[in-house]
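Beneath this line is the structure, given in structure tokens, with notes to follow.
The values are calculated or read from the model by the stated rules, or taken from the named source; none is laboratory data. All figures in this text were calculated on a predicted structure; none of them were measured in a lab. FYI the Cβ positions are ideal-geometry reconstructions off the backbone, even for glycines, and counts take in every protein chain you see. Accessible surface is based on the protein model in full, side chains and every heavy atom, while ligands, DNA and RNA are left aside. Shrake-Rupley method; radii C 1.70, N 1.55, O 1.52, S 1.80 Å.
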Amino acid sequence: MREFGSVEEVIANADKVKRAAYREGLKGHAADALLSKQLVTLRRDVPVRLDLDAIARREPDRPACHALFKELEFQGLAREFALQVEAAGGRARLLLESRGIETAVSSARAAGRVALAWC
């Protein structure tokens, strides 16, 4: 079928296809083939605005993630995001990046107190 080129050309020349099963498939499913082509065709005429600030990496909303993962029954992820517990009258946070740790240390020094939990 490579001899005909595009999907449209293959469909237009379906009667010339030697194998009966292919020929009948083309005739019977021409609309499906055209729809499939339309669905996988990337449109390049659509204006796209790229806002780099909007897609910048941010810390996740841990309580919202935990609730979603619990609802979806993603047990491992739910446990990972469950570290938002009330502790010592404040909210506990899991700190994974040096910037967050440095901020927390500064806040703890300013407050004069800190609570730590080991998991």
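At a glance:
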item	result
Selection count where residues are within 33 Å of the chain's Cα centre (by Cα) and surrounded by 11 or more Cβ atoms within 10 Å (Cβ to Cβ), scope the range 1-29	2
Pairs, first touching a residue at least 24 places away in the same chain (Cβ under 8 Å) in the range 98-110, second among the charged types (D, E, K, R), C-beta under 8 Å, six or more apart	100/59; 100/93
Hits in the range 30-76 - residues which are touching a residue at least 24 places away in the same chain (Cβ under 8 Å) and open to solvent by 100 Å² or more (accessible area, probe 1.4 Å)	59
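Here's the yes/no breakdown for (1) among the hydroxyl-bearing types (Ser, Thr, Tyr); (2) assigned to a loop (DSSP other than H, G, I, E, B); (3) at pLDDT 90 or above:
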residue: 47; (1), (2), (3): no, yes, yes
residue: 59; (1), (2), (3): no, yes, no
residue: 64; (1), (2), (3): no, no, no
residue: 68; (1), (2), (3): no, no, yes
residue: 82; (1), (2), (3): no, yes, no
